[in-house]
Amino acid sequence: MKSFTDSLLITLLILMFSCTQKETIRPNVLFLFADDQRADALGISGNKHIQTPHIDQLAKEGSYFTNAYVMGGHHGAICAPSRAMLLSGKSLFNVYDRLKGVETMPMRFGNHGYVTFGTGKWHNEKEAFEASFQKGSRVYLGGMADHFNVAVRELSEDGILSEPIKRGFSTDLFADAAIGFIDEYSSSGEEKPFFCYVSFTVPHDPYSPKPEYIGKYREGSLPLPENYMPYHPFIFDHMTVRDENLTSWPRKPEVIQSILSDYYALIHHLDDRVGDIVEVLKKNGLYDNTIIVYAADNGLAIGSHGLLGKQNLYEHSTKVPVILKGPGIPENAQFDAFVYLYDLYPTLAELAGVPFPEGIDGFSLVDVLNGTINEVRSSIFTAYRHTVRAVRDKEWKLIRYPERDYSQLFNLSDDPHEMKNLAEDIQYEKKKEELMGLLEEWQRESGDTAKLKASQILPLGYDPDTLKRKPDQRQPSYTLEKYFNVKE
């Protein structure tokens, strides 16, 4: 009888231990990162013209942040500091675009029991990728690329990236690499959870969709942005910084519409491949226990305010999509809390049971997700080079141009597209002073030493007819012929 009782007790203990183990299984993490995607270039944002059903479905099954931002950048390639902030959890003035020697998000997950894999664009140091990931395939070191001929590398077993080899279309290369990793992970019987980082190079220019996606959005069928302008009304930096060269001045409506057709086609293709990655998670029984993040590194103008790029501090260029779906994340929820991309590192760490990283600037959003608090900050500060600074709260936004001694003040509640500058209106002088004080407070807290009024003031006026443009070496024939009238 004693033997039977002992056996029964042992069996019960084993069952209890097994249940405890199942309850503490940590979630996988799949991070999907787009390049140059405006926050409003998703169906879930209310855009009725673009088709993104798979990304929209993630938002419906998870949580969607409507006020997510990149903090800015110290040079024209905003994606490099953006990625450094995301991966380090640090603000712009504490990381810039340098990750070498920094404990990155994938590195921390790897150091705390995760299998880490990376593919796609890595716009920071090669050594930082090698230190961050245990596995990697089809890794692109650089900024923009010809989507049809991406020079990608493989991460060897000893953690060294190979020499680059030019392969096929970027979106397919990176999606297939992620799918290959997930299939291999599932079949291997690996017991550790995974952290999979998939960094796409679309919809960044060149605006050259894969042939089967050309025409998905008929030329001339898409409306212009509500804040479309043929010219930016004043000069504030280099008006020919690379993105701005992609079409001439004035910004012709038909050309902007054509760019939008190609831009949406690139996103449409991306959405299809996101659907394929999700499907492989479901096929392998991993979907329910995987936190999926969808985000982008920065926004883009594409005709808004007479601009094309992201080298400015208007909402269209600093606001980004952020979606989280998975264990511990409420379904079909929207949050208007102010979020930086670098908040995602501590958020994912808390959701995954990874010890909270030290020395970072980001805030975990878990308490926002579970409804304990409504916000982690009451305002947002953004910066571009030494030439522009901005701050906004729930209703108001101030943009300051130190070299021009010029300010813009917008009531975003009434004017979400930033079209009516109230800075010179005497009745808003107190509000302007209040936001200038908030801007100075953000500078002190962030370690930003830029002056808000330069010692030498430059003129606001400029002659667009003197602006010259030329294509860079990465533009494929489709783009050269369509946007530069160059036939190879």
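The values are calculated or read from the model by the stated rules, or taken from the named source; none is laboratory data. None of the values given here were measured: they were computed from a predicted structure. Every residue, glycine among them, receives a Cβ derived from its backbone with ideal geometry; neighbour counts consider all protein chains shown.
Quick one: in the stretch 265-292, of everything that is under 18 Å from the mean Cα position of the chain (by Cα) and either among the charged types (D, E, K, R) or surrounded by fewer than 23 Cβ atoms within 10 Å (Cβ to Cβ) (or both), which residue is farthest from Pro225 (Cα to Cα)? Don't jump to the end; show me each part of the working.
Restricting attention to the stretch 265-292, the residues satisfying the condition of being under 18 Å from the mean Cα position of the chain (by Cα) are 266-271, 273-274, 291-292.
Next cut, either among the charged types (D, E, K, R) or surrounded by fewer than 23 Cβ atoms within 10 Å (Cβ to Cβ) (or both) only: 268, 271, 273.
Details: His268: 19, Asp271: 22, Arg273: 27 Å.
Looking at residues that are under 18 Å from the mean Cα position of the chain (by Cα) and either among the charged types (D, E, K, R) or surrounded by fewer than 23 Cβ atoms within 10 Å (Cβ to Cβ) (or both), I get Arg273.
How many of the residues making up the stretch 313-342 are touching a Leu at 6+ places or on another chain (Cβ under 8 Å) and either free of Cβ contacts under 8 Å to residues at least 40 places away in the same chain or hydroxyl-bearing (Ser, Thr, Tyr) (or both)?
The initial filter retains those residues of the stretch 313-342 that are touching a Leu at 6+ places or on another chain (Cβ under 8 Å), namely 314-317, 320-330, 333, 335, 337, 339, 341-342.
Add one more test, that the residue is either free of Cβ contacts under 8 Å to residues at least 40 places away in the same chain or hydroxyl-bearing (Ser, Thr, Tyr) (or both), and what stays is 314, 317, 342.
So the count comes out to 3.
Among the residues of the stretch 226-239, is any touching a residue at least 12 places away in the same chain (Cβ under 8 Å), surrounded by 18 or more Cβ atoms within 10 Å (Cβ to Cβ) and closer than 21 Å to Gln475 by Cβ?
yes
Working carefully through the options Lys310, Lys216, find the one that is of a type in the set (Lys, Arg), touching a residue at least 12 places away in the same chain (Cβ under 8 Å), touching a Ser or Thr at 6+ places or on another chain (Cβ under 6 Å) and in a loop (DSSP other than H, G, I, E, B). Full working, then the answer.
Working: Lys216 fails: touching a Ser or Thr at 6+ places or on another chain (Cβ under 6 Å).
Only one candidate passes the filter, namely Lys310.
Yes or no: the stretch 181-204 includes at least one residue that is out of contact with any strand residue (DSSP E or B) (no Cβ under 7 Å at 6 or more places or on another chain), within 26 Å of Gly143 (Cβ to Cβ) and of a type in the set (D, E, K, R).
Scanning the stretch 181-204 turns up no residue that is out of contact with any strand residue (DSSP E or B) (no Cβ under 7 Å at 6 or more places or on another chain), within 26 Å of Gly143 (Cβ to Cβ) and of a type in the set (D, E, K, R).
Going by the structure shown, is Gly285 in contact (Cβ under 8 Å) with a residue 40 or more places away in the chain, at positive phi and small (Gly, Ala, Ser)? Break it down into steps so the answer makes sense when it comes.
Numbers: in contact (Cβ under 8 Å) with a residue 40 or more places away in the chain: yes; at positive phi: yes; small (Gly, Ala, Ser): yes.
The answer is yes for Gly285.
Check whether at least one residue in the stretch 251-267 is out of contact with any His (no Cβ under 9 Å at 6 or more places or on another chain) and closer than 30 Å to Leu351 by Cβ, and report yes or no.
Yes.
Please tell me if Leu300 is in a loop (DSSP other than H, G, I, E, B) and either more than 20 Å from Thr372 (Cβ to Cβ) or in the same structural domain as Pro203 (by TED's automatic domain parsing) (or both).
yes
Going through the stretch 139-148 one residue at a time, which ones are assigned to a loop (DSSP other than H, G, I, E, B) and without any contact (Cβ under 8 Å) to a residue 60 or more places away in the chain?
Gly142
Would you check if there is a residue in the stretch 118-140 being within 30 Å of Ile259 (Cβ to Cβ), crowded, with 16+ Cβ neighbours inside 10 Å, at pLDDT below 95 and charged (D, E, K, R)?
Looking through the stretch 118-140, none of the residues is within 30 Å of Ile259 (Cβ to Cβ), crowded, with 16+ Cβ neighbours inside 10 Å, at pLDDT below 95 and charged (D, E, K, R).
Please determine whether any residue of the stretch 150-169 is under 22 Å from the mean Cα position of the chain (by Cα) and outside any strand (DSSP E or B).
Yes: the stretch 150-169 contains one or more residues that are under 22 Å from the mean Cα position of the chain (by Cα) and outside any strand (DSSP E or B).
Which residues, counting only those in the stretch 36-50, are small (Gly, Ala, Ser) and either in contact (Cβ under 8 Å) with a residue 60 or more places away in the chain or touching a strand residue (DSSP E or B) at 6+ places or on another chain (Cβ under 9 Å) (or both)?
Residues of the stretch 36-50 that are small (Gly, Ala, Ser), as a first pass: 39, 41, 43, 45-46.
If the condition is that a residue be small (Gly, Ala, Ser) and either in contact (Cβ under 8 Å) with a residue 60 or more places away in the chain or touching a strand residue (DSSP E or B) at 6+ places or on another chain (Cβ under 9 Å) (or both), then Ala39, Ala41, Ser45 are the ones that fit.
Can you pull out the residues in the stretch 65-93 that are part of a strand (DSSP E or B) and either free of Cβ contacts under 8 Å to residues at least 24 places away in the same chain or not assigned by TED's automatic domain parsing to the domain that holds Ser317 (or both)?
none
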